[in-house]
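**Q** Quick one: the structure is below, and I'll ask about it shortly.
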Amino acid sequence: MTTPGGPEVLDVVERLDVNAVGGRVRIRVHAATVNPTDLALRAGQRPRAAGSDGPRIPGMEAAGVIDEIGPDVTGLTVGDEVMAIVVPSRPEGGAYVEQLVVDADQVARAPRGVTLVEAATLPMNGLTAVRALDMLDLPQGSTLAVSGAAGALGGYVLQLAAHRGLRVIAIASERDAALLRELGPHELVPRGDDAAERVRELVPEGVDGAVDTALLHERIVPAVRDGGGFAVVRGWPEEAGRGITVHRVMVAEYAHRADLLAELATLVEEGVLTLRVARTFTAEDAPEAHRLMEAGGVRGRLVLTF
């Protein structure tokens, strides 16, 4: 995009080839996902790095095949099928590209037994889920509420939390009950203005923590006990009160944690995490993918293919 605006501002452009130098790798991208942050960047709501010019490129995660490595890279080789997390505010932009050059510590091998389209859905949301749970740091047996549990991020939080031994209360639409049952053990509270009260019916003292992926904010804070934790994504400037710690989750803080990305791949291979692709689009159809994401109600991820 050369100017901010609606989905129609997205366009395909040709760029010069880029090379991997130092500790970087170049990935021939097969798939890149569409995420809410991409919509905000397209609309001009995200800053760009100093010194960057030319079209802005959205995209926070991709999967493909390494076709060039820098001389300082170890542990990865040309021909590896990999996935990567990208911070699109960098000068080079994001993941909606055929040739993606990133630091080697932003890359891990794709999980065995899945397609590259499926693998592309894991890095950004998976690491966001890990970051949120790490910030809450709840011991086994604690209670956790997850809003938007049927979404891409919420589903990962739900499954990772259960894997860590937490009692999970999923807040989602009742129409997603069947989907949520497939994602593992939890209790379901229907989304609505009384969701916090419903959670309190299950846990009268309040849950130990909550991950708010649906941006319910003040509507869900009452479900958390005094002194508990509240993890929010995409920012929330308010304080929760009652001694509740608000954790503002920024996935960029884990953007160079290839070790955690590799652990997520292992969890996929072990059946702990479920990769969900809602629909694929050609790169040229990115505007349509953005329109569908903005309309809401997507379960799983929309993926652009190159």
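The values are calculated or read from the model by the stated rules, or taken from the named source; none is laboratory data. Just so we're clear, the structure is a prediction, and the values are computed from it rather than from any experiment. Positions of Cβ are backbone-derived with ideal geometry, glycine not excepted, and every protein chain shown enters the neighbour counts.
**Q** Read through the list (1) surrounded by fewer than 16 Cβ atoms within 10 Å (Cβ to Cβ); (2) under 18 Å from L127 (Cβ atoms), then give the number of the only condition that T305 fails.
**A** (2)
**Q** A further question follows. Only residues that are closer than 20 Å to A240 by Cβ and either in a strand (DSSP E or B) or of a type in the set (A, V, I, L, M) (or both): list them for the stretch 175-201, please.
**A** Listed by number, the residues that qualify are V189, A195, A196, V199.
**Q** Further question: If you check L273, L267, L261, L292, which single one turns out to be aliphatic (A, V, I, L, M), part of a loop (DSSP other than H, G, I, E, B) and either touching a Phe, Trp or Tyr at 6+ places or on another chain (Cβ under 9 Å) or touching a residue at least 40 places away in the same chain (Cβ under 8 Å) (or both)? Full working, then the answer.
**A** On the way: L267 fails: part of a loop (DSSP other than H, G, I, E, B); L261 fails: part of a loop (DSSP other than H, G, I, E, B); L292 fails: part of a loop (DSSP other than H, G, I, E, B).
On inspection, the qualifying residue turns out to be L273.
**Q** Next question. Given the criteria touching a residue at least 60 places away in the same chain (Cβ under 8 Å), in contact with a Phe, Trp or Tyr (Cβ under 6 Å, 6 or more places away or on another chain) and in the same structural domain as A240 (by TED's automatic domain parsing), does A210 qualify?
**A** Working: touching a residue at least 60 places away in the same chain (Cβ under 8 Å): yes; in contact with a Phe, Trp or Tyr (Cβ under 6 Å, 6 or more places away or on another chain): yes; in the same structural domain as A240 (by TED's automatic domain parsing): yes.
Against the criterion (touching a residue at least 60 places away in the same chain (Cβ under 8 Å), in contact with a Phe, Trp or Tyr (Cβ under 6 Å, 6 or more places away or on another chain) and in the same structural domain as A240 (by TED's automatic domain parsing)), A210 qualifies.
**Q** Then there is this: Among residues belonging to the stretch 65-97 that are polar (S, T, N, Q) and touching a helix residue (DSSP H, G or I) at 6+ places or on another chain (Cβ under 9 Å), point out the one that is surrounded by the fewest Cβ atoms within 10 Å (Cβ to Cβ). Show your work before the answer.
**A** We begin by selecting, within the stretch 65-97, every residue polar (S, T, N, Q); these are 74, 77, 89.
Keeping just the survivors that are touching a helix residue (DSSP H, G or I) at 6+ places or on another chain (Cβ under 9 Å) gives 74, 89.
On the way: T74: 8, S89: 16.
Ranking the candidates gives T74 first.
**Q** Within the stretch 208-216, identify whether any single residue is over 24 Å from M250 (Cα atoms), of a type in the set (A, V, I, L, M, F, W, C), modelled with pLDDT under 95 and under 21 Å from the mean Cα position of the chain (by Cα), and answer yes or no.
**A** Residues of the stretch 208-216 over 24 Å from M250 (Cα atoms): none.
No, the conditions are met nowhere in the stretch 208-216.
**Q** Determine which member of the set A177, A214 is out of contact with any helix residue (DSSP H, G or I) (no Cβ under 8 Å at 6 or more places or on another chain) and among the small types (G, A, S).
**A** Numbers: A214 fails: out of contact with any helix residue (DSSP H, G or I) (no Cβ under 8 Å at 6 or more places or on another chain).
Sole residue among the options that is out of contact with any helix residue (DSSP H, G or I) (no Cβ under 8 Å at 6 or more places or on another chain) and among the small types (G, A, S): A177.
**Q** Related question: Checking the conditions here, which among L41, L100 is under 21 Å from the mean Cα position of the chain (by Cα), surrounded by 18 or more Cβ atoms within 10 Å (Cβ to Cβ) and modelled with pLDDT of 95 or more? Full working, then the answer.
**A** Working: L41 fails: modelled with pLDDT of 95 or more.
Just one listed residue meets the conditions, L100.
**Q** Of the residues R15, R28, which single one is among the basic types (K, R), in contact with a Phe, Trp or Tyr (Cβ under 9 Å, 6 or more places away or on another chain) and surrounded by fewer than 18 Cβ atoms within 10 Å (Cβ to Cβ)?
**A** Step by step, each of R15, R28 is checked, and only R28 is among the basic types (K, R), in contact with a Phe, Trp or Tyr (Cβ under 9 Å, 6 or more places away or on another chain) and surrounded by fewer than 18 Cβ atoms within 10 Å (Cβ to Cβ).
**Q** Can you name every residue in the stretch 172-185 that is buried (at least 17 other Cβ atoms within 10 Å of the Cβ) and either over 20 Å from V298 (Cβ atoms) or at pLDDT 95 or above (or both)?
**A** G184
**Q** Here's another thing I want to ask about it. Assuming D212 fulfils every condition listed in (1) farther than 20 Å from N125 by Cα; (2) surrounded by 20 or more Cβ atoms within 10 Å (Cβ to Cβ); (3) not polar (S, T, N, Q) apart from one, which condition is it?
**A** (1)
**Q** Out of all the residues in the stretch 157-174, which are free of Cβ contacts under 8 Å to residues at least 24 places away in the same chain and either assigned to a helix (DSSP H, G or I) or over 21 Å from V233 (Cα atoms) (or both)?
**A** Step one: of the stretch 157-174, the residues free of Cβ contacts under 8 Å to residues at least 24 places away in the same chain are 173-174.
Residue satisfying the conditions is E174 alone.
**Q** Return the pairs, sorted by first residue and then second, in which the second residue is part of a strand (DSSP E or B) and among the charged types (D, E, K, R), the first residue lies in the stretch 134-156 and is modelled with pLDDT under 95, the beta carbons are less than 7 Å apart, and the residues are 6+ apart or on different chains.
**A** If the second residue must be part of a strand (DSSP E or B) and among the charged types (D, E, K, R), the pairs left are A152/R301.
**Q** Out of G113, G141, I need the residue that is small (G, A, S) and not assigned by TED's automatic domain parsing to the domain that holds V246. Which one? Full working, then the answer.
**A** Values: G141 fails: not assigned by TED's automatic domain parsing to the domain that holds V246.
After ruling out the rest, the residue left standing is G113.
**Q** Now for a separate question. Before we move on, is E118 over 25 Å from R15 (Cα atoms), surrounded by 21 or more Cβ atoms within 10 Å (Cβ to Cβ), acidic (D, E) and under 17 Å from the mean Cα position of the chain (by Cα)?
**A** On the way: over 25 Å from R15 (Cα atoms): yes; surrounded by 21 or more Cβ atoms within 10 Å (Cβ to Cβ): yes; acidic (D, E): yes; under 17 Å from the mean Cα position of the chain (by Cα): yes.
Answer is yes for this residue.
**Q** Scan the stretch 187-203 and report the pairs whose first residue is assigned by TED's automatic domain parsing to the domain that holds L158 and more than 11 Å from P222 (Cα to Cα) and whose second residue is crowded, with 22+ Cβ neighbours inside 10 Å and of a type in the set (S, T, N, Q), with Cβ atoms within less than 9 Å and a gap of 6+ or a chain change.
**A** Filtered contacts from the stretch 187-203: R191/S147; L202/T143; V203/T143.
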